[in-house]
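Q: For reference, the structure I am asking about is given below.
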Amino acid sequence: MARDEINAFLGAGTNYQGKLNFQGAVRIDGNFKGEVVSDGTLVVGQEAVVEGQIRVGQLVLSGKLLGEVDAANKVVLHKTANLLGNIRTPVLVVEEGAVLEGQLVMGSLDTATPNLPSDTPAIDND
């Protein structure tokens, strides 16, 4: 099987809720809510809406994602991507026009820590 070959496809107009485990590559063009776990590649199409916890080898995002992303290898945000949540990854590629609202932690998932140190002062808006 070719490395970039899509193993499964959730087409436009589909709604899925639950936990998705896979090997290889999966493309989502519909709506997904839940958890994705894989060492492979998750491709989120331009019209897709994904909500939940994402832990994959690589994420290629063109649609909307709300949630936490842990990508062991790379995250690619295409110009139509809209990500509201936090990302942990060693490599981030962002096209002009992509939206990222959240925290970004660069480094391997083994060494990256998404939380601020406990001695970091809180911001007081008063």
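Q: Within the stretch 1-60, list the chymotrypsin sites (Phe, Trp or Tyr not before Pro) lying in a DSSP loop whose Cβ has at most 16 other Cβ atoms in a 10 Å radius.
A: Answer by residue number: there is no such site.
Q: Here's a follow-up. Please report the net charge: other residues with Cβ closer than 13 Å to the Cβ of Val93, K and R +1, D and E -1.
A: Combined, the nearby Lys, Arg, Asp and Glu give 0.
Q: Let me ask you something else. Count neighbours as other Cβ atoms within 10 Å of each site's Cβ, and list the trypsin sites (Lys or Arg not before Pro) in the stretch 72-107 that are DSSP loop with at most 12 such neighbours.
A: Loop-located and lightly packed - Lys79.
Q: Between beta-carbons, use under 10 Å as the cut-off and find the net charge around Val44, counting Lys and Arg +1, Asp and Glu -1.
A: Charge balance near Val44 sits at 0.
Q: Further question: Kindly put Glu101, Glu96, Glu35 in sequence by how many other C-beta atoms sit within 10 Å of each C-beta, fewest to most.
A: Going from sparsest to densest Cβ surroundings: Glu96, Glu101, Glu35.
Q: Something else: Which residue, Asn73, Asn86, Leu100, has the largest displacement toward the positive end of the dipole of the stretch 8-106 when charges sit on each Cβ (Lys, Arg +1; Asp, Glu -1)?
A: Toward the positive end, the furthest listed residue is Asn73.
Bear in mind that the values in this text are calculations on the coordinates, not laboratory data. The structure presented is a predicted model; accordingly, all values stated were derived computationally and were not measured. All Cβ positions, even for glycine, are placed from backbone atoms using ideal geometry, and neighbour counts span all protein chains on display.
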